[in-house]
Number of protein chains: 6
Amino acid sequence: MRIKVINPNTSDEMTRSIHQVATAYASLGTEIVTTHPTVGPVSIESFYDEYQAIPQVLAEIKRNEEDFDAFVLACWGDPGTDAVREMVPQPVVGIAEASMYAANAIAPRWSVVTTLRRSHHMVEAVVKKTGLAEHCASVRCIDLPVLACEEDSDAVIAGLVQVGRQALEIDGAEAIILGCAGMGGMAAYISQQLSVPCVDPVGAGVRFAELLVALRLQTSKYMTYRPPEAKLFH
Amino acid sequence: MRIKVINPNTSDEMTRSIHQVATAYASLGTEIVTTHPTVGPVSIESFYDEYQAIPQVLAEIKRNEEDFDAFVLACWGDPGTDAVREMVPQPVVGIAEASMYAANAIAPRWSVVTTLRRSHHMVEAVVKKTGLAEHCASVRCIDLPVLACEEDSDAVIAGLVQVGRQALEIDGAEAIILGCAGMGGMAAYISQQLSVPCVDPVGAGVRFAELLVALRLQTSKYMTYRPPEAKLFH
Amino acid sequence: MRIKVINPNTSDEMTRSIHQVATAYASLGTEIVTTHPTVGPVSIESFYDEYQAIPQVLAEIKRNEEDFDAFVLACWGDPGTDAVREMVPQPVVGIAEASMYAANAIAPRWSVVTTLRRSHHMVEAVVKKTGLAEHCASVRCIDLPVLACEEDSDAVIAGLVQVGRQALEIDGAEAIILGCAGMGGMAAYISQQLSVPCVDPVGAGVRFAELLVALRLQTSKYMTYRPPEAKLFH
Amino acid sequence: MRIKVINPNTSDEMTRSIHQVATAYASLGTEIVTTHPTVGPVSIESFYDEYQAIPQVLAEIKRNEEDFDAFVLACWGDPGTDAVREMVPQPVVGIAEASMYAANAIAPRWSVVTTLRRSHHMVEAVVKKTGLAEHCASVRCIDLPVLACEEDSDAVIAGLVQVGRQALEIDGAEAIILGCAGMGGMAAYISQQLSVPCVDPVGAGVRFAELLVALRLQTSKYMTYRPPEAKLFH
Amino acid sequence: MRIKVINPNTSDEMTRSIHQVATAYASLGTEIVTTHPTVGPVSIESFYDEYQAIPQVLAEIKRNEEDFDAFVLACWGDPGTDAVREMVPQPVVGIAEASMYAANAIAPRWSVVTTLRRSHHMVEAVVKKTGLAEHCASVRCIDLPVLACEEDSDAVIAGLVQVGRQALEIDGAEAIILGCAGMGGMAAYISQQLSVPCVDPVGAGVRFAELLVALRLQTSKYMTYRPPEAKLFH
Amino acid sequence: MRIKVINPNTSDEMTRSIHQVATAYASLGTEIVTTHPTVGPVSIESFYDEYQAIPQVLAEIKRNEEDFDAFVLACWGDPGTDAVREMVPQPVVGIAEASMYAANAIAPRWSVVTTLRRSHHMVEAVVKKTGLAEHCASVRCIDLPVLACEEDSDAVIAGLVQVGRQALEIDGAEAIILGCAGMGGMAAYISQQLSVPCVDPVGAGVRFAELLVALRLQTSKYMTYRPPEAKLFH
C-alpha cells in the first residue's frame, strides 16, 4: 500500500518530522511518501494562510495521483479535504477527523490542544464540521506559533502539558488530542505526564487511511464529490 | 460610501450583471465598484472551483483596499469571507449570510433555490455555518449550471419557479432565497409568480454592507480576525 | 421612506432618546417617527411587563399603519414581532434580531450586555429563537434597571464596560451587543473603551428596516403570518 | 387540593367542555374551578389572538390567587405561563408541556395534531421551547378552526383520525397528542381508531399540576421568576 | 391503583427507604409495592453495575406483572426502561425522566446533584437522552458512594447543600434535582437550606406513574416497544 | 496483535460468519479470535434481547482478558461498550461507531440499512449517541430478522439493494452502512449494485481496533471508565 502524506505548508523541517512520525506509525508493508507544496506559507495559522495553501495542496495531489492508494492531509484544519475528495477516487483523510475518531473510542470527552490562541475559533469550526462537538470538552491553546514545534519543542511540550492539565481538571476532558501536525512524536511523553491517552494526529491519519484502503472504500462519486465540472479557467 | 463588490469567478458577463443589480439596489450616494479576478474558474460549482477562486479574490481585495468602505463577496458560498475579515478592517459581507438575514425577518422558514444538484451539500453547509439551519425549510436545485443564468435565463427562471413551488407546497417554506449571484434581477418575477417574497442575494449583500458602514462597525480584531501572521511565503 | 419606531414602554424620556438615536443612524431621506403606547409599563423587565405592553404596541401599529414603509420595535426582547407580522404587510424588525445579524458579520462570537440579572434567561431565549445561539458567547447583566439608562447613564456605561470586558476575557466574545433600547448612543464610547466593535441595537434596527424596504421585501402572507382570523372579541 | 383551570379564550362553551374534562381526569379530592376572561378573543388561532388574550389571563390569575394550590392554562400554546410563574408562588402548568411529558413516557416519538394549518409554526415553536423537538415526529393540522371542536366535533374527530394515521404511517410517530384544549374528551375514541395511545392535554395538565402540588414544589423565585418589578403603569 | 416500585440494586436498606418515600408521596388509594432483585450489585455506580442489574430488574417485572397498573424504576439512570416498555403494556416510569419534567415546570434551568464523580458522564447521558439538556445547568457530584445515602446521610446532605449552592451561584441553576433514589426524604431540608425548590425523584416517579394511569395511557405497541420477538435463548 | 471479536448473540452460525469476515479484513499479523456467549438470545432485535446479552458479553471479556490487545463487539448496537471500557485497559470498539467513522470519510451523508423495522429507533439512538446524526441521511429497514442473514441471505441482499436505492434517491445518502454484523461479506456486491461505497461493519470494527492498538491508545481511566467500584454482588 502506498500513502501520500501532504504537509500543506512549505516547511522542509516540519515535512521531515511528519514523515518520520507517519512512517513510525504505518503498518509494515505501507510505503509513506511525504511531500509539501513548493509554493505557499511556511505555516498555517490563519484563514488567510489556509486559503493560500489549498490550491498548492491540490496541485500536489494532481502530480502523480494514480501512484497512491490514499491521501492524508497533515494539518489539523483538514484544509481542502472536500476538494481532494472531488478530484480523486482514492480515500482522503484529514488528520483532524482521524484523531477525533480515535479519541472518541477511548474517552467520553476529549480536548484539543493547539498552538496560537487566534486558532481557537478555527479549531472549534473543524470540530463542529466533523459533528463531534458534544464530545469535545474544550480547545486550549499554548499561544506559541506552529513552527515552534520544530524550533523550540521543549517550550511547546511544556505548554501542552500545562493546558492539557487544565483541560482535564477544569473542562472535563479525559483524553487529549494534539491539534497540530508539528506535534507528532510528542504524544507518548504528554500521555505519560498527564496519565491519560494522548492522540498523535499524524499517526491517526495514516492508520485511518490504511483502514479505508483495507475496507476497499473509495470516495462516493454519487453527487457531492463528483469530479469538478470541466470548465474554462482564465 | 464606496463598496467593492467582488464576483469570485472570472466571467465578464456575470460580473456586469452583478454590477447592474448591485447598483440598482444600492442607496443614492453609494458608489459600487464591481470586479472579478483575472485568473481562475469562470464559475464556482464545486469545492475545487471554490478553492481555486479564493486566493484570486484575496488578491482582488488587496489591490486597492483602502479605497473602499466595505466589501461584498458575490457568490452564494461566501467563499473566503473569513480570510478577508482577517486582511482588512472594513466590514466584509457574503451575499449568502445577508440574504438569509433578510429572509429570516419576513418568514418563519425559507428555502434556498440554486443551480446544480451537486451543490446541494455545499449550500447546506453554508446555511449551517451561519447558524440558521432551523429556519431553512430546504435547499432545492434546478440542476442547471451557474452560467445558464446568463446564457439561458428563461430556463433558469422556469426552473426556479418550479422548485420554488415545491419548496412552498412540500417543504414548508414561506419565502424564497435565490442561491446564486447570477440570479440577480430575477427576484421580482419569481416573487410575483409564487406570491411570496423572494430575496435577491446581491441586493441583500450590498444593503447589508451599507448597514454595517452606517453603524460604523468594523471587523473585530480582538482575536480570530487579527491580521494574518507575518511569515515567509515560498 | 417613512419608518415608525415603537418604544414598547411608556417612558417619554426613553422614547425621546430612542428617536434621537434612530434619527442619527437613519439614511438621508428616511423619516423616523417614534412613538410609544400611552398605556402600559414604563419599562419592560419581566415577562409580566412584556405581555402587558404587547397589546398596546399592537394598538400603536394599527393607528396609522398605512402611512409607513416599515416598523421597528425598539426593545431588546422583540416583543410582539410575530403578531405585528400577521397584522401588516410591511416589514417588521425587532432590534434584537437586527443587532445579532450585524454582530455576526463582524465577529465569530459576541456577547449581549444588558440590564437586570433577572432578564438573563429572557435574553437567552431571544437569542435562541433567532437561531444564533452558537454565535453568542454569553449574556452578561449589569444588574441596573432599564430606566437607569436615562437616569444614571454614567453608572450604566461603567457597568457595561466592566461586564463587556469579562465577556471578552472570560467568555470568548469578540464583539459586544448593547441589549437594551435605552443604551442607544453608548456604543461609540464602549467600543473605544474595549477596543472591539459594539452594536447599537436601535441603529441596527432602523438600518435593517431600510434594507428590507430597499429590497422590496414584505412579510410573507403564505401561511404563518396571514392576517389574524376575523372573529368575535368579547 | 384546589386547581384553577383558565381557558384563555372567552368561549363559554369551550370553558364548560374544558371543565368537564378537567373534572373527569382530576383525582378524588381535587376541586377544579374553570374560568375564562370576560374580555378577549373567542378563540386563539394566531399570535395576535394570543397576545390579546394573555393580559386577560393574567388578570384572571390575580382575582383570587391565594385560593388555589396550582394553576393550569388550558390552551396548547401555553400562553403566558412565564408571566404567571413570576406572579404567583404556586406551580403553573401549561397543557402543552404536560401532554408532551406524558407522551414521552409511552412512545419514543409522537405527533401533535391540531386545528388550522396557520398554527403549524406556532405549535412547532412550543415544542421547541419545551426542549423535546427530537421526540416530535411531526405537527399535523386538520385545517378546521378551534371552535369547530365545539360546533362540529364529528368533522374534527374525523380529521384527527385522518392526520393521526398519516403521522403514524408517514412521519414515524408512535403516539398522538391532541393539540388543542377544545379536543378534550376525544382521546379515547381516537386512540381506539388508531390503536395507539392518545394524550388528552387538559387531563395531562390537571394531573401534572396535582403532581407538582403533591411534591410540594413551587415555582423557583431564585432569579427568572421573581415577582415582577414594582413600577409605574400608565 | 397498584404501583410496583423496583429498586434495581440489591440493598434491603435502600429498598426500605425508597418504599417509605414512595408511600409518603403516593396518593391516597395508591398501593405501593417496593421490591429489589435478589441477585446483583448492592449499588449502581458504573455502567458495569448497571448492566449487571438490568436483567434482574426485568425478571422482577415478569414475576407478577399483571398485578400492577404501572412500574417505577427507582434509580436515577432509568436502567432498562426501554426493555420494560417492550415487555409489558402498563406505563413504565424512570425516576430520572419524571424528576426532570417536574423541575422543568418550576424553573427555567436546574441542576442534578448526585453521588460519585465518575457518574457525571452517565448522568449527563441520561439528561441528553430525555431531550432536556438545554434546561440542565449542570451536573454536580458530592463524590460519596450511593450507599452513603443510607450509612452516612449527614455527610450526603452536607455535600448536596454545598454542590447545590455552587449550581445556583456558578452554573445558573434555579432548582435542584436529587440525582439518586437513595436521596429520598432529603428534598425538604435541602430546599429550605438553599431557598429553591428541590425535586425528590422517587416522589416524582410515583406521581408521574399515577398520572399516566389516570390518563389511561399505556405504552405504545405500534413499533419500537412491541413485545420482544419470540426466540431461542441458550 | 491479537484481537478478540465477540458476537453478543449465541448463534454459532453467525459467529462463524463474523469470524470469516473479520479474518478477511484483518491485517497480516493480526490474530482474530471470535467467540460468543454460551448463554443468551440467538439474535438481538429488541432492547430486551440486548440487555439479556450484555452481562454474557461482559463475562466473555473477563474469561481471558489479558490475552488480547483489543476487543471488538460485533453487533450494530454496540451493546455494553461503555461497561467493557470500564473493565479492561485495552481499547474497545463497537462496529457501529467504527463503520460510521469510515462512512464519514467517504461521503457527506450516509444511510444505515438494517433488519427489522422495530429496530429503527434503536439504530437511530446509536447514531445519535455517537454524535454523527447530522451526517446520517436515514435509517432504512428490510423488515427481515437478523438470522435471515444466515438462513436466507439472498432475500436479505435483495432487500438491502432495494432500501439502499431508496436511501440514495429519496433521503440524500451518498454511501451505505450495513447495520448488522450478520451482513458481513455482502458489502462488495451491494456496492457494485448501487454504485456507491458500502461499509462492512465487522471489517471496520477490526481495522479500527488495529488502529487504536497501533497508536498505543488505551481507554482513559481518568474518570468515567475507571474500573467498576469493588462491591458486594448478591
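Values quoted throughout were computed directly from the atomic coordinates according to the rules given, and no laboratory measurement underlies them. Worth saying up front: this structure is predicted, and the values here are computed from it rather than measured. Virtual Cβ from ideal backbone geometry, glycine too; neighbours counted across all protein chains shown.
Compute the long axis of helix D:95-104 from its Cα atoms, compare it with the longest principal axis of the Cα atoms of chain D, and write down the angle in degrees, 0 to 90, nearest 10. Roughly 50 degrees between the two axes. Of the residues C:E124, F:E210, the one with the fewest other Cβ atoms within 10 Å heads the list, and the complete ranking is C:E124, F:E210. Going 7 Å from Cα along the Cα-Cβ axis for the label, what nanometre distances separate A:L232 from the same residue across the other copies? Spacings between copies for this position, smallest first, are 4.0, 7.0, 7.1, 7.1, 8.6 nm. Pairs of alpha-carbon atoms within less than 8 angstrom and 6+ residues apart define the contacts here; what relative contact order does chain F have, in percent? Answer for chain F is 24 percent. In this Cβ point-charge picture (+1 for Lys and Arg, -1 for Asp and Glu), the protein assembly as shown has a dipole of about 0 debye about its Cα centre. If you take all other residues with their beta carbon under 11 Å from the beta carbon of C:I32, and give Lys and Arg +1 and Asp and Glu -1, the sum is 0. Each Lys or Arg adds one and each Asp or Glu takes one away; over the other residues whose Cβ falls under 10 Å from the Cβ of B:E13, this sums to -2.
In this simple spin-label approximation, D:E169 and F:I170 carry label points 7 Å from Cα along the Cα→Cβ vector, and these lie 1.3 nm apart.
Computed over neighbours whose Cβ is under 12 Å from that of D:D49, the net charge equals -3, Lys and Arg +1, Asp and Glu -1. Need the C-alpha centroid separation for region C:127-144 versus region A:1-48, integer Å. Distance between centres, Cα-based: 42 Å. Scanning chain A for the beta carbon that comes closest to the axis linking it by rotation to F yields A:Y101, 2, distance in whole angstrom. Shielding value for F:105-116 is 5, the average number of Cβ atoms from other chains within 10 Å of each residue's Cβ. Over region C:4-110, the reciprocal of the mean inverse Cα-Cα separation, the Kirkwood hydrodynamic radius, stands at 14.3 Å. Which one, C:R216, C:R85, C:R140, has the greatest fluctuation when you compute a Gaussian network model over chain C with C-alpha springs under 10 angstrom? Maximum among the listed residues: C:R216. Of the peptides B:29-35, B:100-106, the order by per-residue mean of other Cβ atoms within 10 Å, starting with the highest, comes out as B:100-106, B:29-35. Distances between equivalent label points of E:D152 across the copies, with each point positioned 7 Å along Cα→Cβ, amount to 4.8, 4.8, 6.0, 7.0, 7.9 nm, shortest listed first. In region C:97-200, a dipole from Cβ-located charges (positive for Lys and Arg, negative for Asp and Glu) runs towards its positive end, and of C:A103, C:C180, C:C136 it is C:C136 whose Cα lies farthest in that direction.
Gap in Å between the Cα centre of region F:159-230 and the Cα centre of region E:163-196? Here the answer is 43 Å between Cα centres.
Its alpha carbons give chain B an Rg and a Dmax of 16.9, 55 Å. Given in Å, the Rg to one decimal and the Dmax to the nearest whole number for the Cα atoms of the protein assembly as shown are 30.9, 84. Here the relative contact order of region E:134-224, from alpha carbon pairs under 8 Å that lie six or more residues apart, stands at 24 percent. Averaged over the residues of peptide D:195-204, the number of Cβ atoms from other protein chains lying within 10 Å of each residue's Cβ is 4.
Based on the reciprocal of the average 1/r between different C-alpha atoms, the Kirkwood radius for region F:97-201 equals 13.2 Å. Contact order, relative form, for region C:1-99: 31 percent (alpha carbon pairs under 8 Å, 6 or more residues apart, mean separation divided by residue count).
Listed values for region F:14-29 are Karplus-derived 3J(HN,Hα) couplings in whole Hz (6.51 cos²θ - 1.76 cosθ + 1.60, θ = phi - 60°), namely 5, 5, 4, 5, 5, 4, 4, 5, 4, 5, 4, 8, 5, 5, 4, x, and x replaces Gly and Pro. In order along region C:119-125, the Karplus-derived 3J(HN,Hα) couplings, from 6.51 cos²θ - 1.76 cosθ + 1.60 at θ = phi - 60°, round to 7, 3, 5, 4, 5, 4, 5 Hz, and Gly and Pro are given as x. Sorted shortest first, the separations between the E:E66 label point and its copies elsewhere in the assembly read 5.3, 5.5, 7.4, 7.5, 9.2 nm; each point sits 7 Å from Cα along the Cα-to-Cβ line.
Think of each Lys and Arg Cβ as +1 and each Asp and Glu Cβ as -1; about the Cα centre, that makes the dipole of region C:97-200 roughly 300 debye. In the structure shown, the pairs E:K129/E:K221; D:K128/F:K129; B:K62/B:K128; A:K128/D:K128; F:K129/F:K231 are assessed against 24 Å; a Cα-Cα span above that value is assigned to B:K62/B:K128; F:K129/F:K231. For A:V5, nonlocal amide neighbours, meaning residues 5 or more places apart or on other chains whose placed amide H falls under 5 Å from its own, are A:V33, A:T34, A:T35, A:V72. Taking D:V199, D:V213, D:V112 in turn, the Gaussian network model of chain D (Cα-Cα springs below 10 Å) assigns the largest fluctuation to D:V213. Among DSSP beta bridges lying fully in chain C, give the percent that are antiparallel, nearest 5. The answer is about 0 percent antiparallel. With springs only between Cα atoms under 10 Å, which of C:S119, C:S220, C:S99 fluctuates most in a Gaussian network model of chain C? Result: C:S220 has the largest fluctuation of those listed.
For chain B, the Cβ-based charge dipole about the Cα centre amounts to some 580 debye (Lys, Arg positive; Asp, Glu negative; other atoms uncharged).
In order along region E:67-83, the phi-based Karplus estimate (6.51 cos²θ - 1.76 cosθ + 1.60, θ = phi - 60°) of 3J(HN,Hα) comes to 7, 10, 8, 6, 10, 10, 9, 9, 8, 6, x, 6, x, x, 3, 4, 5 Hz; Gly and Pro are listed as x.
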